[in-house]
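Data first, discussion second: the structure below is written as structure tokens.
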Amino acid sequence: MSKPEQLWIQFEKHFHTLNQIRGITEIIGWDQRTQMPDGAAEQRGEQLSYLEETYHRLITEPAFSATLGELEAQASALSPVQRGAVRLFRRKVRERDRIPAELAKASVEAHSRGYAIWIQARAQNDFSLFQPELEKILELRKQTADCLKEGKQTRYEAMTQLFEPEWPLENTARILGSLRDRLVPLLPKIMEQQKKVPLQDRGLPLSAEKQAKLNLWIAERIGFDFKMGRLDISPHPFCGGSGADVRLTTRYNEKDWSQSFYGVMHETGHGLYEQGMELLAPHRALRETPSMGLHESQSRFWENQIGRHPEFCVWLVKQMQEMKLLDSAWSGPRLARYVNRVEPSYIRVEADEVTYQLHILLRFELEQALFDGSVAVRDLPGAWNELLKKYLGLAAPAVSQGVLQDVHWSDGSFGYFPSYALGNLISAQIAEKIERDIPIAESVRKGEFLPLRDWLRSHVHQQGASQSMAEIVKQVSGAELGVGAFIRYVEAKFLCR
Ligand SMILES: [Zn+2]
């Protein structure tokens with residue numbers, strides 16, 4: 001056996017162990033958020049912390065780094081797939097090597113505790129409960145950023161790099177700036193246009209039991225494989241698990257089935273990406289996304305480009321009437337009007353496609369301010385309200401519907417929010433390209449979703465992490481990531497109806 005082959009076997013063996021730990025962490029993390037009794041929070045925190053320590057120790061083992069180094073030295077003897085896996089793991093090792101084990105452990109404990117207290121604080125509408133936890137979490141993230149930042153990077157850029165590697169913060173800032181300049185003036189025009197047809201419905205009541213059935217049906221219909229996944233309930237919906245075990249979650253509001261329905265389409269989009277990578281990505285080590293923005297583009301595509309398409313609404317109403325979930329007075333256009341209404345609101349996850357981006361701009365500004373010290377944690381509720389006024393013209397009625405609404409800061413995911421906005425832009429850019437191969441309106445009118453899923457599989461999912469987000473977007477859409485496609489989509493959908 002040649003030297004590179006031997007080295008590759010060593011790499012795979014170590015990767016396999018790391019992957020096992022990651023898989024177990026995902027599943028007990030899912031359990032923590034869906035099934036675990038409250039009293040077990042501390043114990044689960046310790047278990048997660050043990051796994052994190054073990055992962056950290058194994059990935060930073062000098063022998064593994066040495067194997068990577070030797071593989072890098074023999075790069076010309078490796079296949080492109082092997083080279084991709086080595087590159088990906090070099091980055092992971094570098095990130096880990098720079099963070100002392102004590103800091104990594106303290107962070108996991110703080111996030112586990114922070115999450116439990118965030119749940120309480122949100123339920124009791126009391127920011128002061130969460131404030132000391134958030135201060136600790138932010139302090140630990142700043143220490144982590146100091147370990148990670150390179151060259152002229154700011155602490156905040158070091159955070160965003162964890163979700164968008166190889167994508168400079170200045171690109172995000174430039175793109176979000178241009179998004180703000182083009183989207184903010186469109187909002188009043190859209191609201192004006194919308195007034196022409198008054199909204200008939202203020203809610204879509206349906207029992208949680210019926211919603212659960214509907215959700216399972218649509219997830220399967222758009223191509224999710226339940227032999228490799230589940231759908232459960234959690235306070236903050238997410239897609240977890242890994243590989244052949246993808247865990248989707250949702251929450252139910254019996255006054256409005258569309259909330260969990262579109263939440264499930266969103267999480268299923270993430271799940272389809274995971275399943276597509278599991279089945280197709282060229283090597284196990286590459287079965288992960290190169291960017292959270294790209295992951296979000298997959299969820300947003302199914303939730304908005306497909307799920308909120310007027311023709312999809314026509315198809316869905318017919319299906320739901322056959323299932324006796326809607327009466328005969330319902331029509332596709334009535335549902336399309338309801339699920340596409342544009343209205344400034346407090347809650348990001350329930351926001352329409354247009355104002356959603358403004359919610360992200362608000363969080364992007366606040367996170368930068370928290371990291372450069374211009375806003376302190378205790379002043380967050382006030383700063384939140386100021387920006388809510390600026391972007392959406394609203395005042396949050398309660399902290400539970402304002403600064404406490406998102407899970408992200410409780411688990412230290414500062415720098416994640418911009419990826420949501422990028423995901424919306426990527427999904428619009430990809431949809432323009434798909435349209436040339438598969439006419440979207442025609443497909444959804446017939447309820448034919450698998451060709452769309454398979455297009456995404458062959459163009460996006462099967463790449464795994466073998467290329468960067470910017471490279472995949474450029475290769476798939478033929479253009480650099482920008483705001484053009486998203487703005488064209490918004491204008492066509494909301495101004496020309
Ligand atoms: Zn998502």
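The values are calculated or read from the model by the stated rules, or taken from the named source; none is laboratory data. Since the model is a prediction, treat every value here as computed from it, not as a measurement. Heads up, the Cβs are rebuilt from the backbone with ideal geometry, glycines too, and the neighbour counts pull from every protein chain shown. Ligands, DNA and RNA are excluded from the accessible area calculation, which covers all protein heavy atoms including side chains. Shrake-Rupley method; radii C 1.70, N 1.55, O 1.52, S 1.80 Å.
Worth pointing out:
- With kT/(6 pi eta Rh) evaluated at 10 °C and eta = 1.306 mPa s, and Rh the Kirkwood radius from Cα pairs, the chain diffuses with a coefficient of 67 µm²/s according to Stokes-Einstein.
- Estimated FRET transfer efficiency (Asp245, Thr154; beta-carbon r; R0 41 Å; 0.05): 0.65
- The chain - mean residue ellipticity at 222 nm from DSSP helices (-39,500 (n - 2.57) per run, n ≥ 4, rounded to 500): -21000 deg cm²/dmol
- Label point of Ala101 set 7 angstrom out along Cα-Cβ; within the range 50-66, amide nitrogens under 13 Å from it belong to 50-62.
- The range 206-327: C-alpha gyration tensor shape, a/c 1.5 cut-off, then a/b vs b/c: prolate
- Counting protein heavy atoms only, the range 424-497 has 49 percent of its accessible area on carbon and sulfur, 1.4 angstrom probe.
- Residue separation of Ala77 and Met191 scaled by 0.36 nm, minus their Cα-Cα distance, works out to 35.1 nm of gained length.
- The range 225-240 - phi-based ³J(HN,Hα) in whole Hz, Karplus 6.51/-1.76/1.60, Gly and Pro as x: 9, 6, 6, 10, x, 9, 10, 9, 9, 8, x, 10, x, 7, 10, x
- Angle between the chain longest axis and helix 353-372 axis [Cα atoms, degrees, rounded to 10]: 40 degrees
- Each other residue within a Cβ distance under 12 Å of Gln467 adds +1 if Lys or Arg and -1 if Asp or Glu, for a net charge of +1.
- The residue among Ala106, Pro132, Leu187 whose Cα reaches farthest toward the positive pole of the charge dipole of the range 100-222, with charges on the beta-carbon of Lys, Arg, Asp and Glu, is Leu187.
- Positive-pole candidate from Ala244, Leu272, Gly23, dipole of the chain, charges at beta carbon: Leu272
- Looking at the range 156-203, the trypsin sites (Lys or Arg not before Pro) that sit in a DSSP loop and have at most 10 other Cβ atoms within 10 Å of their own Cβ are Lys195, Lys196, Arg202.
- FRET efficiency for the pair Arg488 and Gln319, taken as 1/(1 + (r/R0)^6) with r the Cβ-Cβ distance and R0 = 25 Å, rounds to 0.25.
- A simple spin-label model places the labels of Glu480 and Cys496 2.7 nm from each other, with each point 7 Å out along Cα-to-Cβ.
- When each of the peptides 63-70, 262-269 is scored by how many other beta carbons lie within 10 Å of its residues on average, the order from highest to lowest is 262-269, 63-70.
- Unit charges on C-beta of K, R, D, E only; dipole of the range 355-497, Debye: 440 debye
- Rolling a 1.4 Å probe across the protein heavy atoms gives the range 311-384 an accessible surface of 37 Å² per residue.
- Accessible area of His408 in the full protein assembly, 1.4 Å probe (Å², nearest 10): 10 Å²
- Global form of the range 1-116, assessed from the alpha-carbon gyration tensor, a/c cut-off 1.5: prolate
- Accessible area (Å², 1.4 Å probe, nearest 10) - Glu95: 60 Å²
- Rounded to the nearest 20 debye, the dipole size of the chain about its Cα centre is 1040 debye, using +1 on the Cβ of Lys and Arg and -1 on the Cβ of Asp and Glu.
- If you wrap the tightest convex hull around every Cα atom of the range 281-343 and split its volume per residue, you get 126 Å³.
- Rounded accessible area of Lys3 (nearest 10 Å², 1.4 Å probe): 100 Å²
- Rounded accessible area per residue of the range 93-139, 1.4 Å, Å²: 49 Å²
- Taking a ≥ b ≥ c as the square roots of the eigenvalues of the Cα gyration tensor, an a/c ratio of 1.5 or more together with a/b no larger than b/c marks the range 17-64 as oblate.
- Bridging of Lys318 to aspartates and glutamates at a Cα separation below 16 Å is possible for Asp327, Glu442, Glu448, once same-chain residues fewer than 8 apart are set aside.
- Alpha-carbon centroids, the range 64-96 and the range 279-316: separation in whole Å: 29 Å
- Projecting label points 7 angstrom from Cα along Cα→Cβ for Lys390 and Ala208 puts them 3.9 nm apart.
- Accessible surface of the range 1-91, 1.4 Å probe, proportion on carbon and sulfur as whole %: 52 percent
- At q = 0.13, 0.18, 0.25 Å⁻¹, base-10 log of I(q)/I(0) for the range 422-497 (Debye sum, equal scatterers on each alpha carbon): -0.42, -0.78, -1.25
- Residues in the range 68-74 carry Karplus couplings, in order, of 4, x, 5, 5, 4, 5, 9 Hz; the curve used is 6.51 cos²θ - 1.76 cosθ + 1.60 with θ = phi - 60°, and Gly or Pro positions show x.
- Volume of the convex hull of the range 142-256 (Cα atoms only), normalised per residue: 203 Å³.
- Bridge type composition, the range 182-333 - antiparallel percent by DSSP, nearest 5: 40 percent
- Counting DSSP beta bridges with both ends in the chain, the antiparallel % (nearest 5): 40 percent
- Of Lys195/Lys493; Lys105/Lys142; Lys152/Lys390; Lys13/Lys92, pairs whose Cα-Cα distance is over 19 Å: Lys152/Lys390
- Local net charge near Glu442, Cβ-Cβ under 9 Å (Lys/Arg +1, Asp/Glu -1): 0
- Summing Lys and Arg as +1 and Asp and Glu as -1 over all other residues whose Cβ lies under 13 Å from the Cβ of Gln120 gives a net charge of -1.
- Across all directions, the shadow cast by the convex hull of the range 214-278 built on its C-alpha atoms averages 3.8 square nanometres.
- Taking the alpha carbon gyration tensor of the range 69-166, multiplying each eigenvalue by 5 and rooting it gives semi-axes of 36, 14, 12 Å, largest first.
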